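The values are calculated or read from the model by the stated rules, or taken from the named source; none is laboratory data. Just so it is clear, the structure is predicted and the values come from calculations on it, not from any experiment. Neighbour counts run over all protein chains shown; Cβ positions are idealised from the backbone, glycine included.
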Amino acid sequence: MKTVFITGAASGIGLATARRLAAEGWFVGLYDINAQAIEQHLTGGEFPAACGGVCDVTDVESIKGALAHFEDAADGRMDVLINNAGVLTAGHFETVDSEAHDAMIRVNVLGLTHVAQLAFPYLQNTPDSRLLNICSVSSVHGVPLLAVYSATKFYVNGLTQALNIEWDEHGIHVMSIKPPFVSTAMIEGMPEQLLKTFTVDYSPEQIADEIMKALAGSGDSYLLGWKAKFLGFFARVLPAPLARRVVKYVTGF
């Protein structure tokens, strides 16, 4: 039985992916800062082969504890690690509270980094294992009103590319998936200016389906949706001044 460890699994993309993998017969590890929600999911009957508990990705000891808990329950296997936990605060850079900026860096950058590094021995000891980092379309070009969030996802993209090379010798395939806005609690309070162009075109369940396709594939980067691919193409091929103009146009600036 294949096994998966998922952070941020209490709701949204993490929970939808856990359900999808469980339906395919995987042993699922659901970990999140919301212990009550995880307990409800584990006792609700939809996860016949699963474990879970608290994992605060901003706390190294919490990550270590969650990984050890999963190792015991999954007989030491970790076929897939899905680095999904993330936070987002939108708004003009100078008006966003500094604590919100700090939270995005702690969770999206440091948390994701620590989970990947601490999970390395488990992935290394499982043949043909995979690390999938949840990235974002905002990693292809800096997005106004999402400045720090976008920057954290640039980090995720860069880390994914580097580890895809580094960890190949260990038999670990590293990839990222880059969705646009998804219908989750994360986009609550999103400026209308952005939602006019970056419409909410995906549900968590649709992202879970795309994750399944990615896990079956051999790529290292998956941009989802034609708008994301459009932006990614122009950000890659156009000179910087023209790419900037495209981003200004699509974001209404």
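Key figures for this structure:
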{"item": "Selection within the stretch 26-79 - under 23 Å from PRO127 (Cα atoms) and either in contact with a Lys or Arg (Cβ under 8 Å, 6 or more places away or on another chain) or in a loop (DSSP other than H, G, I, E, B) (or both)", "result": "TRP26, PHE27, ALA49, ALA74, ASP75, GLY76, ARG77, MET78, ASP79"}
{"item": "Scan of the stretch 81-132 for residues that are among the hydroxyl-bearing types (Ser, Thr, Tyr), farther than 21 Å from SER176 by Cβ and in a helix (DSSP H, G or I), ordered by number", "result": "SER98"}
{"item": "Counted residues, the stretch 71-97 - those being closer than 15 Å to ASP56 by Cα and surrounded by fewer than 16 Cβ atoms within 10 Å (Cβ to Cβ)", "result": "0"}
{"item": "Residue in the stretch 98-105 that is in contact with a strand residue (DSSP E or B) (Cβ under 8 Å, 6 or more places away or on another chain), surrounded by 18 or more Cβ atoms within 10 Å (Cβ to Cβ), at pLDDT 95 or above and on the phi < 0 side of the Ramachandran plot present", "result": "no"}
{"item": "Boolean, ALA119 is under 30 Å from MET1 (Cα atoms) and of a type in the set (A, V, I, L, M)", "result": "yes"}
{"item": "Residues of the stretch 90-118 satisfying the condition of being out of contact with any helix residue (DSSP H, G or I) (no Cβ under 9 Å at 6 or more places or on another chain) and among the β-branched types (Val, Ile, Thr)", "result": "THR95"}
{"item": "Count of residues meeting criterion [touching a residue at least 40 places away in the same chain (Cβ under 8 Å) and under 16 Å from the mean Cα position of the chain (by Cα)] in the stretch 90-116", "result": "13"}
{"item": "Candidate set from the stretch 133-161 (those that are part of a loop (DSSP other than H, G, I, E, B) and under 18 Å from VAL115 (Cβ atoms)); member that is modelled with the lowest pLDDT", "result": "SER136"}
{"item": "Hits in the stretch 12-32 - residues which are touching a residue at least 60 places away in the same chain (Cβ under 8 Å) and touching a strand residue (DSSP E or B) at 6+ places or on another chain (Cβ under 8 Å)", "result": "GLY12, ILE13, GLY14, LEU15, THR17, LEU21"}
{"item": "Extreme residue, surrounded by the most Cβ atoms within 10 Å (Cβ to Cβ), among residues of the stretch 124-173 that are over 17 Å from ALA85 (Cα atoms) and among the β-branched types (Val, Ile, Thr)", "result": "VAL140"}
{"item": "Among (1) among the β-branched types (Val, Ile, Thr); (2) closer than 23 Å to HIS92 by Cβ; (3) at pLDDT 60 or above; (4) not in a helix (DSSP H, G or I), the one test that VAL174 misses", "result": "(2)"}
{"item": "Qualifying position, being at positive phi and not charged (D, E, K, R), among GLY111, GLY91, GLY142", "result": "GLY91"}
